[in-house]
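First comes the structure, then the notes that go with it.
The values are calculated or read from the model by the stated rules, or taken from the named source; none is laboratory data. In this text, all values refer to a predicted model and were calculated from it rather than measured experimentally. Virtual Cβ from ideal backbone geometry, glycine too; neighbours counted across all protein chains shown. When the accessible area is computed, the model is the full protein with side chains, heavy atoms only, and any ligands, DNA or RNA have been set aside. Shrake-Rupley method; radii C 1.70, N 1.55, O 1.52, S 1.80 Å.
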Amino acid sequence: MATKGNVRALPTFSFSGHETFVFRYGWLKKAYDAVRENPQSFGDDQAIVTLGVGKNMVRSIRHWALATGVLAEEPKTRGMQLCTTPLADFLFGSAGHDPYLEDPNTLWLLHWNLLSNRQRCTTWFWAFYMLSANEFTRDGLMQSITEEMRRSDVGAPNENTLRRDVEVFVRCYVPARAARGVVIEDSLDCPLAELNLIEEDEGPGSVYRIRRGPKPGLNDHVFAFALADFWERVAPDRESMAFSEIAYATGGPGNGFKLDENSLIERLERLEFLTNGELSYTETAGLKQVYGRLSKDKLGYLAQYYETTNPLFVVTA
């Protein structure tokens with residue numbers, strides 16, 4: 001399976017930590033509440049009692065809370081002490097806007113954070129940003145990652161570890177199929193399966209297709225948050241960003257959400273109104289750019305959505 005040209009080696013990578021579990025509804029809220037009560041709650045066996053699950057699942061919950069940006073490791077504690085993030089406080093706090101993941105746009109946010117966390121979610125990052133095609137097989141995805149690691153002198157990952165990671169990646173987005181006469185609990189599927197981002201062809205060979213298109217379920221405010229997040233990471237001092245960078249750059253929202261060019265332009269054209277003039281899109285002599293200064297509070301874009309655009313999820317303190 002081909003990868004995009006001029007790919008630089010990944011500075012850090014990981015293909016484990018989830019203990020082969022996808023994250024489930026309720027896990028992130030549990031992790032958030034546990035750490036708010038005790039920053040060292042994942043540092044001892046007490047977490048088994050606190051979370052009501054086995055040791056492997058405790059490790060998995062910790063992994064997913066860190067991978068989705070709900071929790072962060074406190075510096076100089078070797079991961080023994082964790083803290084909640086501003087986004088987590090916004091979603092899961094006492095006046096949280098969507099503590100139980102009832103709004104699909106919260107799932108888009110979690111998807112975005114997984115892709116942005118290449119250190120813990122290398123396979124996720126690779127599948128959305130490094131593959132040259134939107135179709136893949138498990139074996140093809142493994143081969144692509146392994147070949148690039150070897151070319152980059154990083155060393156090939158353990159085959160079994162990588163295979164399990166690719167399997168978990170697929171299961172995050174593709175609902176499990178029940179064998180005839182067998183009922184699969186909905187709760188065992190990852191919430192991200194609701195996004196319908198990846199579909200499996202019914203023919204032989206288990207070919208998966210990442211759907212590129214307008215993504216009508218993705219709200220413009222969430223897209224604006226992702227754009228600001230990307231801009232902040234790659235070019236915080238710049239006052240403009242090219243359309244091509246937004247659409248196709250590694251780590252950008254265009255490929256992260258697999259938006260087609262026309263729908264991406266439509267979203268960018270709405271930025272000026274949505275951001276009260278902070279960001280605006282122009283197209284002059286074929287040059288497509290977004291201009292403006294980044295908001296110091298990108299969570300404000302999300303607040304506009306949860307508190308105004310979507311009244312069903314308004315939360316009062």
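Just to check your reading of the model, which residue among F136, F125 is touching a strand residue (DSSP E or B) at 6+ places or on another chain (Cβ under 7 Å) and of a type outside the set (V, I, T)?
It is F136.
Among the numbered conditions (1) exposed (fewer than 14 other Cβ atoms within 10 Å of the Cβ); (2) more than 17 Å from D229 (Cα to Cα), tell me where P86 comes up short.
Going through (1) exposed (fewer than 14 other Cβ atoms within 10 Å of the Cβ); (2) more than 17 Å from D229 (Cα to Cα) one by one, P86 breaks only (2).
Test R233 against the stated conditions and say whether it is within 17 Å of L114 (Cβ to Cβ) and open to solvent by 10 Å² or more (accessible area, probe 1.4 Å).
The answer is yes for R233.
Checking the structure you have, find out if any residue of segment 270-286 is modelled with pLDDT of 95 or more, surrounded by fewer than 17 Cβ atoms within 10 Å (Cβ to Cβ), within 14 Å of F223 (Cβ to Cβ) and within 19 Å of the chain's Cα centre (by Cα).
no
Being open to solvent by 60 Å² or more (accessible area, probe 1.4 Å), modelled with pLDDT under 95 and in a helix (DSSP H, G or I) narrows it down to one residue among R118, R177, R150, R171; which is it?
Checking each option against the conditions leaves just R150.
Consider segment 236-269. How many of its residues are in a loop (DSSP other than H, G, I, E, B) and either under 19 Å from W108 (Cα atoms) or open to solvent by less than 30 Å² (accessible area, probe 1.4 Å) (or both)?
Adding up the residues that qualify gives 8.
When the residues of segment 23-73 are narrowed to those that are touching a helix residue (DSSP H, G or I) at 6+ places or on another chain (Cβ under 7 Å) and hydroxyl-bearing (S, T, Y), which ends up surrounded by the most Cβ atoms within 10 Å (Cβ to Cβ)?
Step by step, filter segment 23-73, then rank; the result is T68.
Within segment 200-230, work out how many residues are surrounded by 15 or more Cβ atoms within 10 Å (Cβ to Cβ) and basic (K, R).
Residues in segment 200-230 being surrounded by 15 or more Cβ atoms within 10 Å (Cβ to Cβ) and basic (K, R): 2 in total.
Return the residues of segment 121-146 that are assigned to a strand (DSSP E or B) and acidic (D, E); say none if nothing qualifies.
Scanning segment 121-146 gives a single hit, E135.
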